[in-house]
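As structure tokens, the structure follows; a few thoughts come after it.
FYI, it's all coordinate maths here, none of it is from the lab. The structure presented is a predicted model; accordingly, all values stated were derived computationally and were not measured. Here the Cβ positions follow ideal geometry from the backbone for every residue, glycine too, while neighbour counts run over all protein chains shown.
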Amino acid sequence: MTEWDDPDRESVLEDLASSNEEVRRLAVERADFFDLEQIFPRLIERLGDSDWRVRKAAVRRVVAHPDAEEVARRLLDALADGENPGRRNAAVEALVELGERALPSLIASCAVEDADVRKFVVDALAGVGSIHSVDVLVQRLEDVDANVRAAAADALGAVGGAVAREALRATAVQGDEDALVRFSALHALDTLEEPLRSDELATVLSDPVLGPAGLALLGRCDDPGALDALLKGLASGIRAARESSMRAILRLVAQRDGAEVAAVRERLAALVDSEPVIASSAIERLADSDLGTQLALVQFLALVGSREAVIPILEAGRDEALAPVAIGALEEIGAEVPSAIDAAWGELDIERRCAACEVLGRVGGKRSLARLLAVLEDPDPSLRTAAARALSTLGAESALAPLVRRLQHVESEESYEGEEETDAIAEAIVSLAGASEEGAEAPLTGQAVELLAAALNGASNAARLSIARVLGAIARDRDAELVAMLLKDPSPEVRCAAVDAVARLEADRTPEPLHLAIADEAPGVRVAAARALGVSRHETVFDDLQRLADDEDSRVRAEAVGAIGRRFASDADPRVRVAALAELNRACEDEAPVALAVVESAYETGGDSLAYVTPLLSRSEPEIVIGTVRCLGAHAPDTELEALLPLVSHADWSVRAEAVETLGVRGFRRAVPTILRRMETEQDDFVRSVTLNALQKLEG
């Protein structure tokens with residue numbers, strides 16, 4: 001620690017009293033340079049500072065002091081200061097931060113004369129949450145002050161344990177105890193998920209103030225009388241009792257299944273029919289309650305199958321946190337949902353209509369299907385997208401032809417909405433048709449292929465491209481002629497999609513249509529052909545890739561060279577391996593995309609191609625050098641890492657950072673002198689940071 005003289009200390013003490021909150025905060029941060037006796041009164045004062053950042057800094061400094069016992073004692077003294085509530089609260093926060101270290105002092109202070117201090121001490125024990133404080137907290141349940149007893153009950157709920165549970169149970173049902181204390185005990189038992197039977201809670205349930213808290217506990221109890229008590233609470237004129245009953249009933253249902261759940265639903269339905277206010281009040285509360293209450297209300301309304309709740313639940317789903325629960329609740333309501341949505345459709349905005357489409361897709365039924373097919377022709381593309389996705393979920397055979405017609409009328413994918421709609425329709429068709437796998441043909445595949453083939457006639461470029469992509473996903477071997485026809489399409493994008501389809505259909509050989517793609521006039525199609533050859537298992541693939549490695553377009557050469565590196569640089573056939581490595585060596589002198597493809601393939605595979613990669617460290621393009629560094633870092637032996645040392649002083653900061661980081665990760669200790677020399681002149685902050693981290697690894 002730096003030695004400070006008296007003027008330095010005087011400066012800090014003056015700053016602690018400054019009118020500027022930032023000056024006070026910084027002064028608190030420098031308080032470590034004082035002994036506890038000298039600075040602690042000032043820190044205690046700052047615990048009550050008007051600025052929260054200063055208070056937080058003071059708490060940190062206090063808690064960091066090594067003499068926890070003395071710190072705890074002084075913080076407890078601060079609790080007796082009734083002039084500044086903020087200081088008392090910050091002192092409690094600091095005691096909680098001290099944790100177990102403050103426990104002896106807190107336990108010893110539980111019986112002080114000042115009731116306010118006792119309450120704050122109990123609050124601090126609750127924050128610490130140590131099981132060792134249970135006995136003293138149970139004693140505080142007998143405190144003469146009701147506020148202290150209530151705080152003790154809350155604290156026991158935070159600490160838990162068998163002793164705490166037993167004491168809380170006794171307090172909760174103690175008829176002559178203060179209502180505040182009993183409420184705290186009931187709340188603590190709920191926190192601890194402690195079940196109580198309805199007969200134990202008889203005096204609680206009959207109390208209008210305590211009743212809601214008691215009802216909440218019944219949801220955790222395997223008690224035949226619990227449901228009767230909860231149904232009675234559900235019909236109560238007290239809103240808190242109704243909502244507690246709803247939550248408890250949801251817990252009961254979650255613990256049951258099958259016939260038991262059906263029996264509960266039946267009794268609930270009868271009650272809700274006879275007491276309409278139960279559902280109507282829950283629906284009314286959906287709009288203005290907190291999130292936790294909304295979640296319970298939505299699930300309860302789903303449980304009783306309320307048709308009137310359909311649109312309010314749909315509206316509540318605007319909240320992202322509530323949306324999944326709302327959708328699930330509407331799915332649970334089921335058959336009543338489509339008619340309710342139909343009736344309100346004209347009043348829903350676009351966002352809620354999209355959500356409604358999702359619900360209809362999950363609920364299903366003729367009415368849902370009819371609505372979704374109608375929406376598929378809506379002027380709004382976001383609605384059409386939602387309808388397509390819902391139809392995919394619904395899985396209705398009759399949706400296939402309308403989806404293909406919609407795909408046929410795709411105008412363009414240039415906008416985000418257009419691309420999203422096209423993708424959704426294509427995914428729905430693939431989902432309905434089913435892709436053929438291992439000779440097993442889905443029932444609708446043939447029908448889908450026929451519809452798509454017919455839709456090609458007169459379709460726009462964008463529509464043909466979308467159709468080609470779908471055909472590529474679902475076409476069967478017998479559809480190879482149709483796919484081959486797409487290789488002659490006027491649109492290069494369509495021909496690219498056809499190449500991908502050919503590769504999927506005939507992976508074991510290089511069919512004649514693919515040879516057409518190799519010679520296609522559009523570079524993009526030749527790129528697709530090289531990509532397809534890269535995954536083909538036919539023995540003539542290498543010769544075709546060599547041909548593409550000499551293509552006039554660098555993108556084609558890059559795709560072909562990458563495939564050669566991944567597939568053939570370590571081939572078992574010496575002739576093929578030598579030829580492949582020769583191609584890679586030649587490609588290293590090519591344009592940046594081609595050379596980078598060599599590096600990327602070597603990074604994926606390692607092996608003999610590393611010998612051709614190392615010279616790329618001298619290339620001028622930073623992205624190639626960085627890729628080569630990563631490749632060598634992943635695969636090269638230590639003896640070859642010497643080649644990275646000159647890059648520590650490379651002109652490009654990103655290359656320097658990559659080289660230093662790689663040497664550090666690899667633990668190449670011989671790099672330390674070179675890195676240290678560079679560190680003396682390095683100006684880039686990021687590179688300096690990377691360098692320091694690397695040196696820590698290398699010198700550790």
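Worth pointing out:
- Sequence of Phe183, Phe34, Phe568 once ranked by neighbouring C-beta atoms within 10 Å, starting from the fewest: Phe34, Phe183, Phe568
- Listed values for region 109-117 are Karplus-derived 3J(HN,Hα) couplings in whole Hz (6.51 cos²θ - 1.76 cosθ + 1.60, θ = phi - 60°), namely 9, 5, 10, 5, 5, 6, 5, 4, 5, and x replaces Gly and Pro.
- Stokes-Einstein diffusion for region 580-678, with the hydrodynamic radius set to the Kirkwood value over Cα pairs and evaluated at 4 °C in a medium of 1.567 mPa s, equals 97 µm²/s.
- Shape summary: region 248-288 maps onto an equivalent ellipsoid whose semi-axes, from the alpha-carbon gyration tensor, are 22, 14, 6 Å in decreasing order.
- On the principal axes of its alpha-carbon atoms, region 338-432 has extents of 36, 28, 16 Å, going from largest to smallest.
- Relative contact order (percent, whole number), the chain, Cα cutoff 8 Å, 6+ residue spacing: 4 percent
- Theoretical ellipticity at 222 nm over the chain - DSSP helices of four or more residues, -39500 (n - 2.57) apiece, nearest 500: -21000 deg cm²/dmol
- Evaluated over region 178-220, the Cα radius of gyration and Dmax, each in Å: 9.1, 25
- Rg over Rh [alpha-carbon atoms, Kirkwood Rh] for region 506-636: 0.97
- For P(r) over Cα pairs in 10 Å bins from 0, in percent, the value calculated from this model appears in [x] 3, 11, 12, 12, 14, 16, 17, 12, 4, 0; [y] 3, 14, 21, 21, 17, 13, 8, 3, 0; [z] 3, 14, 24, 25, 18, 10, 4, 1, 0 under label [x].
- Annotation for region 269-377: GluC sites (Glu not before Pro) lying in DSSP loop with at most 10 further Cβ atoms inside 10 Å of their Cβ are Glu320.
- Rg and Dmax of region 396-505, Cα atoms only, in Å: 12.8, 38
- On Cα atoms only, tilt of 259-274 relative to the major axis of the chain in degrees: 70 degrees
- The Asp652 and Asn89 beta-carbon pair, evaluated with R₀ = 60 Å, returns a calculated FRET efficiency of approximately 0.65.
- Cβ-derived FRET efficiency at R0 45 Å, Ala344 paired with Val23, nearest 0.05: 0.15
- 3J(HN,Hα) along region 647-660, derived from phi through the Karplus expression 6.51 cos²θ - 1.76 cosθ + 1.60 where θ = phi - 60°, amounts to 6, 4, 10, 4, 5, 8, 4, 5, 5, 4, 4, 5, 5, 5 Hz, with x in place of Gly and Pro.
- Region 652-700: GluC sites (Glu not before Pro) in DSSP coil with no more than 15 other Cβ atoms inside 10 Å: Glu680
- Packing-based exposure ordering (other Cβ within 10 Å, fewest first) of Asp15, Asp290: Asp290, Asp15
- The share of alpha-carbon pairs in region 420-577 lying farther apart than 28 Å comes to 24%.
- Distance (nanometres) between label positions extended 7 Å along Cα→Cβ at Asp638 and Asp684: 2.8 nm
- Across all directions, the average projected area of the convex hull around the alpha carbons of region 640-700 is 3.5 nm².
- Counting other Cβ atoms within 10 Å as a rough exposure proxy, the listed residues Leu231, Leu215 run Leu231, Leu215 from fewest neighbours to most.
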